[in-house]
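Okay, so here's the structure we're looking at.
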Amino acid sequence: MWLVTTSLKPPGALYSRPLLIPVHFYIRNFTEALKAAPFGRYTLNSVIMSAGIVFCQTFFSALAGYAFAKMKFKLRDVLFYVFLGSMMIPFPVTLIPNFLTINFLGWYDTYTALIVPRAVSVFAIFLFRQFFLSVPSEIEEASRIDGAGRFRTFFQIVLPISKPVIATSSLFSFLFAWNDFLWPLIVTDSPEMRTIQVGLAFFQGRYGVHWTLLAAATVLAILPTIVAFLLAQRSFIEGLANTGLKE
């Protein structure tokens, strides 16, 4: 509430009139914020990065979750718990090795560096596994009787009924990618590759005293996450209820 109202106040009214609701709405803050920094480029970079991460995490996590839920192979459960255990490793521990790998491969300051290291999510694998455990095995057996193979059964039978968990995983992945700051800051250098969160940090450093412009830019950065949640709200709630995360 404070952030939105601050973005609508004239610059001089922020301290002279410490009211939560502004007397006059100053829409010009948003246009001035867009002119002060290349937010169009920052937004495009965030969209490309988020779309790539969402697609990769959803695709690979669905395959891995299905394997852990429906396929029988040696040390399946042990491997799954090892995957879950990796979630307890703090991100700073893997930061330097990941950066050295990216630099060695020549991916520094590219979209590949922003997307590929986050192409798999253990949490998303857990969501898909929990959902696929609830899918009746009779559906797969009927598909195999009709002559469908494992991959055809997955893509034509199982995946179409997995829309709730796909929406849930996609929303989590999008929020994670869109709001990520540290990794894009480390693996990008040129202004043309900055994401919107990194751009906000440089914007703050340059216009630190102009809180109204900074608030307006932050509101613009938050809007896509709000829209994404509103669009996927029903499927998101249904997905949480069907993946064992409800109380």
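The values are calculated or read from the model by the stated rules, or taken from the named source; none is laboratory data. It should be emphasised that the depicted structure is a prediction, and the values quoted were computed from it without experimental measurement. Note that we place each Cβ from the backbone using ideal geometry, even for glycine, and neighbour counts take in every protein chain shown.
Inspection of segment 22-40 identifies at least one residue that is assigned to a helix (DSSP H, G or I), surrounded by 13 or more Cβ atoms within 10 Å (Cβ to Cβ), modelled with pLDDT under 90 and touching a Gly at 6+ places or on another chain (Cβ under 9 Å).
Of all residues in segment 57-83, those satisfying the criterion of being closer than 26 Å to V187 by Cα and either surrounded by fewer than 18 Cβ atoms within 10 Å (Cβ to Cβ) or modelled with pLDDT under 90 (or both) are F59, F60, F83. Q156 - would you say it is outside any loop (DSSP other than H, G, I, E, B), under 30 Å from K72 (Cα atoms) and not charged (D, E, K, R)? Judged against the criteria, Q156 is a match. The residues in segment 121-159 that are without any contact (Cβ under 8 Å) to a residue 40 or more places away in the chain and closer than 22 Å to I89 by Cβ can be counted, and the count is 1. Here is the figure for segment 201-241: residues that are modelled with pLDDT under 70 and closer than 19 Å to Y42 by Cβ total 6. For K72, the conditions (1) within 30 Å of L159 (Cβ to Cβ); (2) part of a helix (DSSP H, G or I) all hold with the exception of (2). Consider segment 136-187 and keep the residues that are hydroxyl-bearing (S, T, Y) and over 24 Å from L223 (Cα atoms). The one that is surrounded by the fewest Cβ atoms within 10 Å (Cβ to Cβ) is S137. Of all residues in segment 97-120, those that are of a type outside the set (V, I, T) have Cβ atoms under 7 Å from Cβ atoms of residues that are in a loop (DSSP other than H, G, I, E, B), 6 or more apart or on another chain, in D109/T188; D109/D189; D109/S190; A113/W107. Of the set (1) surrounded by 16 or more Cβ atoms within 10 Å (Cβ to Cβ); (2) modelled with pLDDT of 80 or more; (3) out of contact with any helix residue (DSSP H, G or I) (no Cβ under 6 Å at 6 or more places or on another chain), all apply to S7 but (3).
Would you point out the residue of segment 117-153, among those that are of a type in the set (G, A, S) and part of a helix (DSSP H, G or I), that is modelled with the highest pLDDT? Steps first, please.
To start, the set of residues in segment 117-153 that are of a type in the set (G, A, S) comprises 119, 121, 124, 134, 137, 142-143, 147-149.
Still in the list and also part of a helix (DSSP H, G or I): 124, 137, 142-143.
Details: A124: 93, S137: 83, A142: 85, S143: 82.
Filtering segment 117-153 for residues that are of a type in the set (G, A, S) and part of a helix (DSSP H, G or I), the one modelled with the highest pLDDT comes out as A124.
Under the condition of being of a type in the set (V, I, T) and not in a loop (DSSP other than H, G, I, E, B), which residue from segment 103-116 is farthest from F59 (Cα to Cα)? Checking each candidate, the answer is T112.
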